[in-house]
Structures are given as structure tokens and as C-alpha cells.
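Values quoted throughout were computed directly from the atomic coordinates according to the rules given, and no laboratory measurement underlies them. These figures come from a predicted structure and were not determined experimentally. Heads up, the Cβs are rebuilt from the backbone with ideal geometry, glycines too, and the neighbour counts pull from every protein chain shown.
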Amino acid sequence: MTDGDLQTIYTKVFEDAIKLSMNYNPQQIAATYMAIGCRIYKTVLKDDDFIQMMKTIHNTPIEPYPSTTIH
């Protein structure tokens, strides 16, 4: 997988999330994506790697999207 592949996947998934947010609560959409992502990681990673990844996610500062992007 290349950086271009990752960007393509990100863009497609983000576009789907924006479309879904027109009819569903954005928190429910985010929760669903989180659950799917965690399930995939839990399937493909060793337990220690999964735990470390979850700690990294928890400790990584993030910026919210501008509210105009979501709605």
C-alpha cells in the first residue's frame, strides 16, 4: 500500500461519513467507524500491539473538524 492508496481510502471513507451525517447523528457514525476500526485492528494485531495502539490513540492530541465540514 502506498501513501496515495491510504489517501484514496481516507477520502472515500470521509465522503461516506459526510453523506451519512446528512441523515444520521454524526456521533453515531463516528462510533460505528470506531467500532469497525477497533474490530479490524483486534483481528489483525497481536494483543500487545493492539493495546499499545489503543494507548497511542488515547494519548494523541487531535483537532476537531470545523463545524461547517460536518454538516
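Tell me, which helices (runs of 4 or more DSSP H) lie completely within the chain with 2 or more residues that are among the hydrophobic types (A, V, I, L, M, F, W, C)?
Numbers: elements: 3-20, 26-44, 47-59, 67-70.
By residue number, 3-20, 26-44, 47-59.
Which residues, taken from region 38-59, are exposed (fewer than 12 other Cβ atoms within 10 Å of the Cβ), within 22 Å of A17 (Cα to Cα) and of a type outside the set (K, R)?
Within region 38-59, I40, H58 meet the criteria.
Here is a check on your reading of the model: is I18 β-branched (V, I, T) and surrounded by 10 or more Cβ atoms within 10 Å (Cβ to Cβ)?
Yes: the conditions hold for I18.
List pairs: first in region 49-61 and in contact (Cβ under 8 Å) with a residue 60 or more places away in the chain, second part of a helix (DSSP H, G or I), Cβ under 8 Å, 6+ apart or cross-chain?
No pair meets every condition.
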